[in-house]
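The values are calculated or read from the model by the stated rules, or taken from the named source; none is laboratory data. What you see is a predicted model, and the numbers here were worked out from it, not measured in a lab. Because the Cβ atoms are built from the backbone with ideal geometry, glycine has one as well, and the counts that use them run over all protein chains shown.
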Amino acid sequence: MSDEHKSGFVSFVGRPNAGKSTLTNALVGTKVVITSDKPQTTRTVVRGIVHREDAQLILVDTPGLHRPRTLLGERLNDLVKTTLAEVDVVAVCLPANEKPGPGDRFIVNEMGKVKRTTKVAIATKTDLVTSEQLGEHLLAIQRLGEETGTDWAEIVPVSARSGDQVALLQDLLVGLLPPGPQLYPDGDLSDAPEEILAAELIREAALDGLRDELPHSVAVVVEEMQLRADRPEDKPLLDIYANLYVERDSQKGILIGPKGTRLRAIGTTSRKQIEALLGTPVYLDLHVKVAKDWQRDPKQLRKLGF
């Protein structure tokens with residue numbers, strides 16, 4: 001083992017809902033990326049930072065690569081492709097409970113266009129299959145590499161939920177990084193601004209339990225975030241004012257819920273998550289607004305940060 005310190009960037013790619021965000025959180029050891037059972041949950045490229053004595057591993061969580069149907073979809077895909085060209089290792093996540101399909105092949109082919117980057121395959125969600133099914137899945141991943149001309153540096157089975165092989169994966173990824181200095185201060189878990197992290201946690205709470213028609217249509221913007229002025233130093237309170245944007249009036253009703261019950265639940269859940277992440281008591285003020293068809297409108301997309 002060399003004593004040299006290593007540092008570098010690893011990007012997780014995969015179809016929507018392949019387990020990328022859950023894996024990022026498991027490796028960092030705390031929640032830095034929102035997870036949901038809805039596809040297209042991740043929109044911003046959040047970097048999770050793993051600090052070790054011998055290395056600093058910066059995880060770039062990208063939106064799922066997919067064939068886009070809206071302007072938002074195209075922007076998300078462009079974001080992924082730009083990211084892939086700038087990292088040291090690209091790791092494709094292939095859920096063990098689903099056979100690799102055309103969507104996975106599309107992604108592996110896109111990965112192949114980025115020549116110099118080291119490529120790794122991760123079989124995620126191994127807790128959902130038998131050892132026999134896992135064996136077949138690993139062979140399928142190997143075949144996918146051969147058929148697309150992709151040379152896998154490693155093929156690693158993991159379960160982020162049970163923690164199985166997560167430490168091994170961390171060691172393998174560190175082994176593939178170039179020598180380099182520490183890039184972020186100790187204790188930093190992400191380089192995303194706190195406003196972005198807060199907005200993402202609010203969005204996660206809003207998506208939780210919603211029917212399928214809404215997920216793509218919810219955007220959250222933190223309009224104001226500051227410590228309340230008149231508080232003693234040992235009893236701080238962080239005021240956060242945020243707007244949730246949907247595309248239609250009917251969606252606004254769904255998000256608010258009967259007599260505001262749903263919006264209150266979103267507020268309670270996300271406030272606890274934000275307090276846990278930032279370590280400060282939070283006063284959270286949420287409002288729902290309609291931005292008509294924002295996913296297809298370049299001006300609205302810019303305003304909402306895409």
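Close Cβ contacts (under 8 Å, 6 or more residues apart or on different chains) running from residues in segment 8-29 that are touching a residue at least 40 places away in the same chain (Cβ under 8 Å) to residues that are part of a helix (DSSP H, G or I) and of a type in the set (S, T, N, Q) comprise SER11/THR83; PHE12/THR24; LEU27/GLN170.
Whenever a residue of segment 257-282 is in the same structural domain as VAL246 (by TED's automatic domain parsing) and in a loop (DSSP other than H, G, I, E, B), its partners that are modelled with pLDDT of 90 or more and small (Gly, Ala, Ser), lying with C-beta atoms within less than 8 angstrom and at least six residues away or across chains, give the pairs GLY257/ALA265. Within segment 273-288, the set of residues being modelled with pLDDT under 90 and charged (D, E, K, R) comprises just one member, GLU275. Any residue at all in segment 158-181 that is among the aliphatic types (A, V, I, L, M) and modelled with pLDDT under 80? No, segment 158-181 has no match at all. Here ALA291 meets each of (1) over 25 Å from ASN25 (Cβ atoms); (2) surrounded by 16 or more Cβ atoms within 10 Å (Cβ to Cβ); (3) without any contact (Cβ under 8 Å) to a residue 40 or more places away in the chain with one exception, condition (3). Yes or no: VAL120 over 18 Å from LEU172 (Cβ atoms) and β-branched (Val, Ile, Thr)? So VAL120 does not fit the description; no. Tallying residues that are out of contact with any Lys or Arg (no Cβ under 9 Å at 6 or more places or on another chain) and closer than 21 Å to ASN97 by Cβ within segment 155-190 yields 10. Whenever a residue of segment 182-197 is outside any loop (DSSP other than H, G, I, E, B), its partners that are at pLDDT below 65 and among the β-branched types (Val, Ile, Thr), lying with C-beta atoms within less than 6 angstrom and at least six residues away or across chains, give the pairs SER190/VAL32; SER190/VAL46; ILE196/THR44. Looking at THR117, is it of a type in the set (Val, Ile, Thr), under 18 Å from ARG15 (Cβ atoms) and touching a helix residue (DSSP H, G or I) at 6+ places or on another chain (Cβ under 8 Å)? It is false that THR117 is of a type in the set (Val, Ile, Thr), under 18 Å from ARG15 (Cβ atoms) and touching a helix residue (DSSP H, G or I) at 6+ places or on another chain (Cβ under 8 Å). For segment 240-256, the condition holds for at least one residue, the condition being that it is more than 18 Å from GLU224 (Cα to Cα), among the polar types (S, T, N, Q) and surrounded by fewer than 17 Cβ atoms within 10 Å (Cβ to Cβ). Would it be correct to say that ILE155 is of a type in the set (A, V, I, L, M), touching a residue at least 40 places away in the same chain (Cβ under 8 Å) and surrounded by 16 or more Cβ atoms within 10 Å (Cβ to Cβ)? In short, no.
Residue by residue, here is whether (1) closer than 30 Å to GLU224 by Cβ; (2) in contact with an Asp or Glu (Cβ under 8 Å, 6 or more places away or on another chain) holds:
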site	(1), (2)
ALA91	no, no
LYS99	no, no
ASN109	no, no
THR117	no, yes
ALA121	no, yes
THR124	no, no
ILE141	no, no
GLY145	no, yes
GLU204	yes, no
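Under the condition of being modelled with pLDDT under 80 and in a loop (DSSP other than H, G, I, E, B), which residue from segment 82-115 is farthest from VAL174 (Cα to Cα)? Only one residue tops the list, namely LYS113. Residues that are out of contact with any Leu (no Cβ under 9 Å at 6 or more places or on another chain), of a type outside the set (Lys, Arg) and in a helix (DSSP H, G or I) within segment 143-162 comprise GLY145, GLU146, GLU147, THR148, listed in sequence order.
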